[in-house]
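A short write-up of the structure that comes next.
Derivation of every value follows stated rules applied to the coordinates shown; laboratory data play no part. Since this is a predicted model, take the numbers as computed values, not measurements. Because the Cβ atoms are built from the backbone with ideal geometry, glycine has one as well, and the counts that use them run over all protein chains shown.
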Amino acid sequence: MNTNVAILSAALTVIGLVLAIFGASWLNQRATERLIERLDKQLDARFAAIDARFASLETRFETILAEIKRLDQRIDSVEQRLDRIERQLETLFKPSLPQR
């Protein structure tokens, strides 16, 4: 066998191996990028769902606070009425000392 042919064959083999390694690396990188993009989309969807849940909880919380405020107003109104009734009863039923 001719040495030139053997050197040329070895050089082509090495070049082929290098190209195969770079090609496999490039394909692996593309696959990894696709996986990362898919993960990014899934995380975005989950964060959007969490944001929606927080928004609904915030709405419910605001509704509860409004109900509490309304109840506080009603309790204040009832307290005022009770105070007024107590004053009226005190004026009607003033304690008096028995006469001797």
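The table below gives the values:
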item: Share of Cα-Cα pairs in segment 35-94 lying beyond 15 Å, as whole percent; result: 72 percent
item: Cα-based helix-to-principal-axis angle, 3-92 vs the chain, degrees rounded to 10; result: 0 degrees
item: Helix-only [θ]222 nm of the chain, DSSP H runs n ≥ 4, -39500 (n - 2.57) each, per residue, nearest 500; result: -34500 deg cm²/dmol
item: Spin-label model distance (nm) - Ala55 vs Leu8, 7 Å beyond Cα toward Cβ; result: 7.0 nm
item: The chain: Rg to Rh, with Rh as the Kirkwood radius over Cα pairs; result: 1.88
item: Label-point separation in nm, Leu65 to Leu82, each point 7 Å along Cα→Cβ; result: 2.8 nm
